[in-house]
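Undergrad: Have a look at the structure that comes next, please.
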Amino acid sequence: KAGVTQTPRYLIKTRGQQVTLSCSPISGHRSVSWYQQTPGQGLQFLFEYFSETQRNKGNFPGRFSGRQFSNSRSEMNVSTLELGDSALYLCASSLGLGGLSNQPQHFGDGTRLSIL
Amino acid sequence: GNSVTQMEGPVTLSEEAFLTINCTYTATGYPSLFWYVQYPGEGLQLLLKATKADDKGSNKGFEATYRKETTSFHLEKGSVQVSDSAVYFCALSNFNKFYFGSGTKLNVKP
């Protein structure tokens, strides 16, 4: 069974640009969550999508947005990039919404975004 | 509210030493508890889980027991290996949300 796939693995952008990251969940998983991981702040929750609707949201500015398609694949977009957006962005999928039915989240290997 | 607190790292041990990484949580109701491991350059991998009080999760020699009376879920391993060097995250799920600890880095020296 294929795991969670994130593309691209690495990205280099400059300040002010925008970026789109992609996540394909495990087949059959309907929930996709996004996290930002940095050395200073650790793992921070961005948002969760389930059945194409955003169900949970963390404390990030509106520059961070996402969407989910009917096949459960998800994209995350960051506009007007800032130096502080440099991070590892992780996607996780699960069967149900946010821990429903005690199911764990399964993570991809992440997209390493560097802002110059 | 819901939160997870882990012991700060890094934790440095010699090979074959006993490992304990402390994790305590705050939650209402009956959360499920998880340990994840992250190797360099990779995402988080589920290590073990426990879904109710007194459950013991175990995998690859690691164990953790869900203690509701002390709101703890400490990770233990009897004999660590160099290959166990990684960052370990404690997490809980409750009311349709996940909450992660800040992670504890483990360094195992040969």
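The values are calculated or read from the model by the stated rules, or taken from the named source; none is laboratory data. In this text, all values refer to a predicted model and were calculated from it rather than measured experimentally. Reconstructed Cβ throughout: ideal geometry from the backbone, glycine too, with neighbour counts over all protein chains shown. Note: areas computed on protein heavy atoms with side chains; ligands, DNA, RNA excluded. Shrake-Rupley method; radii C 1.70, N 1.55, O 1.52, S 1.80 Å.
Undergrad: Which condition does A:N71 not pass, out of (1) without any contact (Cβ under 8 Å) to a residue 60 or more places away in the chain; (2) not in a loop (DSSP other than H, G, I, E, B), if it passes all the others?
TA: Of everything listed in (1) without any contact (Cβ under 8 Å) to a residue 60 or more places away in the chain; (2) not in a loop (DSSP other than H, G, I, E, B), A:N71 misses just condition (2).
Undergrad: With respect to B:V108, is the statement that it is in contact (Cβ under 8 Å) with a residue 60 or more places away in the chain, open to solvent by 50 Å² or more (accessible area, probe 1.4 Å) and over 25 Å from A:R55 (Cα atoms) true?
TA: Spelling it out, it is not the case that B:V108 is in contact (Cβ under 8 Å) with a residue 60 or more places away in the chain, open to solvent by 50 Å² or more (accessible area, probe 1.4 Å) and over 25 Å from A:R55 (Cα atoms).
Undergrad: Based on this model, can you work out whether B:T12 counts as open to solvent by 70 Å² or more (accessible area, probe 1.4 Å) and modelled with pLDDT of 95 or more?
TA: yes
Undergrad: Residue check: is A:F47 touching a Gly at 6+ places or on another chain (Cβ under 8 Å), aromatic (F, W, Y) and within 30 Å of B:Q6 (Cα to Cα)?
TA: For A:F47, the condition - touching a Gly at 6+ places or on another chain (Cβ under 8 Å), aromatic (F, W, Y) and within 30 Å of B:Q6 (Cα to Cα) - is met.
Undergrad: Could you tell me which of the residues B:K68, B:K52 is within 11 Å of another protein chain (Cβ to nearest Cβ) and among the basic types (K, R)?
TA: Among B:K68, B:K52, only B:K52 is within 11 Å of another protein chain (Cβ to nearest Cβ) and among the basic types (K, R).
Undergrad: What do you reckon, is B:S83 surrounded by fewer than 14 Cβ atoms within 10 Å (Cβ to Cβ) and not aromatic (F, W, Y)?
TA: yes
Undergrad: Moving to a separate point now. Of A:L81, A:L21, A:L88, which residue is open to solvent by less than 20 Å² (accessible area, probe 1.4 Å), over 22 Å from B:F95 (Cβ atoms) and facing chain B (nearest Cβ under 9 Å)?
TA: Every option except A:L88 fails the conditions.
Undergrad: Do we have B:F100 as at pLDDT 95 or above, open to solvent by less than 70 Å² (accessible area, probe 1.4 Å) and under 19 Å from A:L46 (Cβ atoms) here?
TA: No, not satisfied.
Undergrad: Scanning region A:92-108 for residues that are within 8 Å of chain B (Cβ to nearest Cβ) and either assigned to a strand (DSSP E or B) or open to solvent by 70 Å² or more (accessible area, probe 1.4 Å) (or both), which turns out modelled with the lowest pLDDT?
TA: Ranking the candidates gives A:L100 first.
Undergrad: Please verify whether region A:35-42 includes one or more residues that are open to solvent by 20 Å² or more (accessible area, probe 1.4 Å), facing chain B (nearest Cβ under 10 Å), within 16 Å of A:G108 (Cα to Cα) and not polar (S, T, N, Q).
TA: Looking for residues that are open to solvent by 20 Å² or more (accessible area, probe 1.4 Å), facing chain B (nearest Cβ under 10 Å), within 16 Å of A:G108 (Cα to Cα) and not polar (S, T, N, Q), one finds none in region A:35-42, hence no.
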